[in-house]
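Please treat every number below as a calculation from the coordinates, not as lab data. Everything quoted here is computed from the prediction, not taken from an experiment. Cβ atoms come from the backbone with ideal geometry, glycine included; neighbour counts cover every protein chain shown.
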Amino acid sequence: MKAVAILMAALLLLPGCNNQTTVQEAPGAIWQAQLLGGKGQESGFSFVTQFTFNGNGSLTPGPFQFLTNDIGSSCFPLSEVPVGSLTNFNFDQSTLAVTGTFAYTIQSGGNTLMLTGPLVGVASETGETGNNTITLTSGSVTGDWTFTGGGTPTGCSDTLTGSFTMNMSTT
């Protein structure tokens, strides 16, 4: 009986039995996006945002602000809370490289702006393997955007696409 208890205690100490990896951004990280393409009111979008990575692949949005918002004529007259995700996250310990699939959606007044693309970056790692924290210290996303207009305000009714670049900076 004593041998069984010792064996069970040893199993609890094996690496990988209670692994916890946390992914986070550097403190104060701000992301700025510039979108190319579109036409009229449905073009030239750019914004700054902050978000927190969650362990389940979702992003919790923080402050969000369009930099090109012209109240009354913009397809996004009010800033709604964006929804985002980061899936297929991979951290290469030997190079500190980070990759993932980024998706971000902004909706307002029946209009939707979706951004998708690969995330690439560099991270640092603290803690022990299996119980560690990965902190993204630099990152960028270059991908495609799709705007689907709901017609409000007038002139925001097309479906358009373009490309975008989103870069992370730390303060």
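Annotations for the structure displayed:
- Length gained when the stretch Gln65-Met114 is fully extended (0.36 nm per residue, less Cα-Cα span): 16.1 nm
- Inter-label distance, nm, simple model (7 Å from Cα along the C-beta direction), Val48/Ser157: 3.6 nm
- A cut-off of 5 Å between modelled amide H atoms, ignoring neighbours fewer than 5 places along the same chain, links Gly162 with Trp145.
- Taking every alpha-carbon pair within the range 21-169, the share separated by more than 24 Å comes to 33 percent.
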